[in-house]
């Protein structure tokens, strides 16, 4: 299964940390990459540095034309899941999304908004999904969605080509540096 995040809306100074965290959560929890509708080479560079040090092959592309990306994604058979507090509850539709994800070469685009999301996205998405119908963090919504979709399997992922690796411990901290 291929999961790609599409981040809509990104106010350069206000959302820099939030958008970076959307990418980091996506990377850590099994997404293949993140497309950012705004141009921000700083975020692209930051997430690429994390990927280089901590492993994996997560990609970041900024300055994408999101409507074109959605159209292309759907034409190629991919499904679109829009995370919004106005959507259907995750518990009511996650089984349907998982079934779709089990199909051969399944591709799911997870749309994470920031500012007001244009209405046509609600019409284009295969699912408008809420982790709760209350205001909440897009980072939390993404983390919950990725975890529910993959049923926790992503939490045991070993990242290839890592320069650094955390050694799990009950107490203290240990990071193994690979040379």
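Every number in this text was worked out from the coordinates using simple rules, so none of it is lab data. Computed from a prediction, not measured in an experiment: that's the story for all the values here. Every residue, glycine as well, gets a Cβ built from its backbone with ideal geometry; the counts of neighbours run over all protein chains shown.
Ranking 59, 145, 122 by Cβ neighbours within 10 Å, fewest first, what do you get? Walk me through the intermediate numbers first.
Values: 59 17, 145 23, 122 13.
By the 10 Å Cβ count, ascending, the order reads 122, 59, 145.
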Taking 120, 40 and counting other beta carbon atoms within 10 angstrom, the fewest-first order is 120, 40
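Rank the residues 159, 58, 119 as a footprinting-exposure proxy: fewest other Cβ atoms within 10 Å of their Cβ go first.
Working: 159 15, 58 22, 119 8.
Ranked by crowding around the Cβ, least crowded first: 119, 159, 58.
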Rounded to the nearest 0.05, what FRET efficiency do residue 103 and residue 159 give with R0 = 30 Å and r taken as the Cβ-Cβ distance? Could you check? 0.70
Measure nothing fancy, just the Cα-based angle from helix 138-150's long axis to the longest principal axis of the chain, in degrees from 0 to 90, nearest 10. 80
Answer label for volume of the Cα convex hull per residue in Å³ (calculated), chosen among [x] 167; [y] 153; [z] 132: [z]
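How much of the DSSP beta bridge set in the chain is antiparallel, as a percent to the nearest 5?
Working: 3 of 27 bridges.
Among the beta bridges of the chain, antiparallel pairing accounts for roughly 10 percent.
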For helix 66-75, what angle does its Cα long axis make with the longest principal axis of the chain, in degrees from 0 to 90 and rounded to 10? 80
Enter the angle in degrees (range 0 to 90, nearest 10) between the Cα long axis of helix 16-28 and the first principal axis of the Cα atoms of the chain, meaning the one along which they spread out most. 80
Length gained when the stretch residue 74-residue 115 is fully extended (0.36 nm per residue, less Cα-Cα span): 12.4 nm
